[in-house]
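Heads up: the structure comes next, in structure tokens.
Derivation of every value follows stated rules applied to the coordinates shown; laboratory data play no part. Nothing here was measured: the structure is a model prediction, and the numbers come from that model. Cβ placement follows ideal geometry from the backbone for every residue including glycine, while neighbour counts extend to all protein chains displayed.
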Amino acid sequence: MYNFEYRQAQSVADAAKAVGADEEAKLLAGGMTLIPTLKQRLAKPSDLIDLGGIAELKGIKREGNAVVIGAMTRHVEVATSDVVKGAIPALSHLAEGIGDPQVRNRGTIGGSIANNDPAADYPAAVLGLNATVITNKRRIAADDFFKAMFETALAADEIVTAVSFPVPEKAGYAKFPNPASRYAVVGVLVARTGGAVRVAVTGAGPVVFRQKEMEAALGKSWSADAIAGVKQSAGGLNSDIHASAEYRAHLVTVMAKRAVAAAG
Amino acid sequence: MATVTLTVNGKSVTATVEPRTLLVQLLREQLALTGTHVGCDTSQCGACVVHVNGDSVKSCTMLAVQANGAQVTTIEGLATGDKLHPMQEAFRENHGLQCGFCTPGMVMSAVDFAKHHKSPTEQQIREWLEGNICRCTGYHNIVKAIKAGTEAMGRTA
């Protein structure tokens, strides 16, 4: 690891100021991606601004018809929260499948979505459940947040403070995990909220995307059979040692059917 | 350099570290607690698992400065004098190891598991071990050990 300066931010404003003043500075959330990246010398930040001491970024609460999860809330807390299990069981199921228990004890929702790994689970939840990403500056709709591989709508001095998930009527998540890392080779979240259906696919492409043909089919008939005939094109999908684009395309339909079945 | 103060196995410790010093480096190289191992050094294998504020974490993927103020327990902190912790005893009784390299991480992970599962199924144990890799045993006796250790911890709790 290259050396860097470290400091614990006292508040969100303090962290935003520090990271805005120095373009070489980076925010540290759970560190489950950033620390391995630093260890491989793939990044050389001048400073790490640790968000771990900011209490207001932690916690899960029900606000009207939404579940609001603080950015520094760990995966284990989302997986075991009675509020999440009661309102959006698909979301607790998703969090329970991230990495391994030790990763879930450190990794955070804010860190995951700000990193926007193409194979991460949370982007599928944020996009599929039509969540709103709340930052220190504004509220960003899920459709506008995930821009490209490892790229989001966040400005340099913008920090995710929470994610607000509308409570769906039905939702389900199914993924084909990489057997070593548990990252999604393909993961699909399906949700029906106020009559509107969303199907979000992670792992398959360079960035999470909506499968609109499946949304239309499920809008007409909410059943796994309704999407059995919808074929995902392999064009533009990821192809690597784990799976070819064609294999991933096939998995999109399989995982979507399983997600609908899980949603009931 | 940074100064960190933390509690390790019940004792208060103050150390001077570089910001880039990993928790496992502090434990092994400065505090001489070499029971915690580094296997893969890429957050996969779990040989470095310790408890931070009661939760099992990979100490190769956490900075020492992030543990400032925390309660850390390592494998050296489990036994009481010569009396093994019930999970250590269960690993011994069930021969849940061969070469022993992964064992400290396995035991620390298993103790965390036992806190959340009172009468576990084999499936739950195997899923929990996602973050711990053993290259010798085929896991069979490790799973048996964790089941026995979890039940023993339930009896003494």
Considering the range B:1-34 alone, what residues qualify as being among the aliphatic types (A, V, I, L, M) and without any contact (Cβ under 8 Å) to a residue 60 or more places away in the chain?
B:M1, B:V13, B:A15, B:V17, B:L22, B:L23, B:V24, B:L26, B:L27, B:L31, B:A32, B:L33
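Can you pull out the residues in the range B:113-157 that are closer than 18 Å to A:R182 by Cβ and not in a loop (DSSP other than H, G, I, E, B)?
In the first step, residues of the range B:113-157 are kept if they are closer than 18 Å to A:R182 by Cβ; the result is B:113, B:123-134, B:139.
Matches in the range B:113-157: B:F113, B:Q123, B:Q124, B:I125, B:R126, B:E127, B:W128, B:L129, B:E130, B:G131.
What's the total number of residues in the range A:4-47 that are polar (S, T, N, Q), within 9 Å of chain B (Cβ to nearest Cβ) and within 16 Å of A:D117 (Cβ to Cβ)? Before you say what the answer is, go through the steps one by one.
Taking the range A:4-47 first, the residues polar (S, T, N, Q) are A:8, A:10-11, A:33, A:37, A:40, A:46.
Checking the rest, the ones that are also within 9 Å of chain B (Cβ to nearest Cβ) come to A:8, A:40.
Those still in the list that are within 16 Å of A:D117 (Cβ to Cβ) too: A:40.
The total comes to 1.
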Quick check on the range A:5-26. Is at least one of its residues under 20 Å from the mean Cα position of the chain (by Cα) and either surrounded by 14 or more Cβ atoms within 10 Å (Cβ to Cβ) or without any contact (Cβ under 8 Å) to a residue 40 or more places away in the chain (or both)?
yes
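Counting just the residues of the range A:48-69 that are in a helix (DSSP H, G or I) and surrounded by fewer than 19 Cβ atoms within 10 Å (Cβ to Cβ), which one comes out farthest from the other protein chains (Cβ to nearest Cβ)?
To start, the set of residues in the range A:48-69 that are in a helix (DSSP H, G or I) comprises A:55-57.
Next, from what is left, pick out any that are surrounded by fewer than 19 Cβ atoms within 10 Å (Cβ to Cβ): A:55-56.
Numbers: A:A55: 14, A:E56: 18 Å.
Within the range A:48-69, the match that is farthest from the other protein chains (Cβ to nearest Cβ) is A:E56.
Go through A:M1, A:M72 for me and flag whichever is crowded, with 20+ Cβ neighbours inside 10 Å, in a loop (DSSP other than H, G, I, E, B) and either over 16 Å from the mean Cα position of the chain (by Cα) or more than 11 Å from chain B (Cβ to nearest Cβ) (or both). Can you show your working first?
On the way: A:M1 fails: crowded, with 20+ Cβ neighbours inside 10 Å.
Just a single option satisfies the conditions, and that option is A:M72.
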B:G69: passes all of (1) under 13 Å from the mean Cα position of the chain (by Cα); (2) among the small types (G, A, S); (3) closer than 29 Å to B:R20 by Cβ; (4) surrounded by fewer than 24 Cβ atoms within 10 Å (Cβ to Cβ) but (1)
Got a number for residues in the range A:176-208 being in contact with a helix residue (DSSP H, G or I) (Cβ under 7 Å, 6 or more places away or on another chain) and within 14 Å of another protein chain (Cβ to nearest Cβ)?
1
Given the criteria within 14 Å of chain A (Cβ to nearest Cβ), in a helix (DSSP H, G or I) and closer than 20 Å to B:G154 by Cα, does B:M87 qualify?
no
Subset of the range A:176-204 (residues that are within 16 Å of A:V126 (Cα to Cα) and not small (G, A, S))
A:V186, A:V188, A:L189, A:V190, A:R192, A:T193, A:V197, A:R198, A:V199, A:V201, A:T202
